[in-house]
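Undergrad: Can you read through this structure? Questions will come right after.
Here, each number is a calculation from the coordinates, and none is a lab measurement. Please read these numbers as outputs of a predicted model, since none were measured by experiment. Note that each Cβ is placed from the backbone with ideal geometry, even for glycine, and that neighbours are counted across all protein chains shown.
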Amino acid sequence: MASLPLLPPPVKPALVGIARLAAQGESLREGHDVKYFTLPARSLLNRCTAPRMPFTWTINPYRGCEFACKYCYARYTHEFMEMRDGVDFERKIYVKQHAADMLRRELRRVRPEQGIAIGTATDPYQPAERRYEVTRAILEEMARHRGLEIGIVSKSTLLLRDVDILKRVGEHNRLFVNVTITTLDIHLARTLEPRAPRPDLRLDTVRKLNEAGVDAGVICAPVLPQITDKPADLENLVRATAQAGGKYIYANPLFLKPCSAAIFLPFLQKEFPSLVEKYRRRFESKAFLSPAYHKRISELMAKLRLKYGFQGRYERYSGNTHPDAPMQQDKQLSLF
């Protein structure tokens, strides 16, 4: 019997766009299971098309995030670079090159009423920033402009390094620094966010920023059903934010894409096994929780903001995400 001809080796499709740029990146150094690469980005300013977001433009100085938060929704962004393992997002960090130079040209596209959010997909003050200072270079460029509305989202105490430049940015622009805190429980925070600073240190960052004249508040995001959503726990966070001098606080429930669920559900199996199947059923066909759950979180936060004095000129900012609504009963919020 004649042998069959050998098949040629499969041809891998050519990488294009950001996947090709990522493949060409040069290794910078290695840390605790984390590798750093350059990313010769073509653009820094990205238009946000989601109608529910209170900003028009986004800036992410890095791709990937070392904080390794188990619930992180942004893991899908590494898929654009043909990286399908969700763990790559926290172990392969891409450092955007020539960011300030690109921003100088691109800011011409921004109109005064259009907000810019820094750090929507990766933390702009993650550990890589201590060495590479991409975020600081971006802020240095923004300090040369007037009339911008800028929001920064971070879990990092490294924000305090840049108090000087943040103050200069705020002199002629509207600047908000949003410090993300999901829980005041230090042990739980370490479990959910293994490499992020402790929540008490983040609250201290909020206090020090406001004392220095930099407007700062708290984002409680994501709210995790039956893990961080007890009304008493959320009230403790709102109270602590007020005591730290935070200008505002708002909350967003969990958003779980399939690539994030691949990391989060095994984590639940280890840490919260009784919740695994409930989460699996809830998120098997959609990434968002129900409108009713969003409404209950919104109503609870509206009541707590009123109770602890978060009113006035900063109320509009938190209201962009969660409009005030009548409060329902204070009870354990139901997901399932």
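Undergrad: Full-extension gain between ALA212 and THR191, please, as 0.36 nm times their residue separation minus the C-alpha to C-alpha distance. Numbers along the way, then the final one.
TA: Details: separation 21, 0.36 × 21 = 7.56 nm, distance 3.14 nm.
The span from ALA212 to THR191 would gain 4.4 nm if fully extended.
Undergrad: So if we plug the beta-carbon distance of ASP164 and ASP101 into 1/(1 + (r/R0)^6) with R0 = 25 Å, what FRET efficiency do we get, rounded to 0.05?
TA: On the way: r = 22 Å, r/R0 = 0.87.
Once rounded, the FRET efficiency stands at 0.70.
Undergrad: Right, another one. In square nanometres, what is one fourth of the surface area of the convex hull spanned by the alpha carbons of the range 108-174?
TA: On the way: hull surface 17.8 nm².
The orientation-averaged projected area of the Cα hull of the range 108-174 comes to 4.5 nm².
Undergrad: Okay, next question. Is there a quick way to get the dipole size of the range 65-223? I mean about its Cα centre, with the Cβ of Lys and Arg at +1 and of Asp and Glu at -1; what is the value in debye to the nearest 20? Kindly include the intermediate steps, with their values, before the conclusion.
TA: On the way: 27 positive and 24 negative charges, 46 e Å.
Here the size comes out at about 220 debye.
Undergrad: With the calculation restricted to Cα positions, what are the radius of gyration and Dmax of the range 169-278 in angstrom?
TA: For the range 169-278, the Cα radius of gyration and maximum Cα-Cα distance read 15.5, 51 Å.
Undergrad: So, one more: Using 7 Å Cα-to-Cβ label points, what is the ASN236/GLN269 separation (nm, one decimal)?
TA: With each label placed 7 Å out from Cα toward Cβ, I get 3.0 nm.
Undergrad: Something else now. Would you calculate the separation in nanometres between label points at PHE255 and TYR76, each defined as 7 Å from the Cα along the Cα-to-beta-carbon direction?
TA: 0.9
Undergrad: Determine the gain in length on full extension of the stretch LYS286-GLU140; use 0.36 nm per residue of separation and subtract their C-alpha separation, reporting nm with one decimal. If you can, show how the numbers build up before the last one.
TA: Values: separation 146, 0.36 × 146 = 52.56 nm, distance 4.03 nm.
Roughly 48.5 nm would be gained on extension.
Undergrad: What order do you get for 252-261, 172-181 when each peptide is scored by the mean count of other beta carbon atoms within 10 Å, highest first?
TA: Numbers: 252-261: 19.6, 172-181: 21.6.
Final packing ranking: 172-181, 252-261.
Undergrad: Pop the C-beta distance of VAL87 and ASP200 into the FRET formula with R0 = 25 Å and round what comes out to the nearest 0.05.
TA: Details: r = 28 Å, r/R0 = 1.13.
Once the sixth-power term is evaluated, E becomes 0.35.
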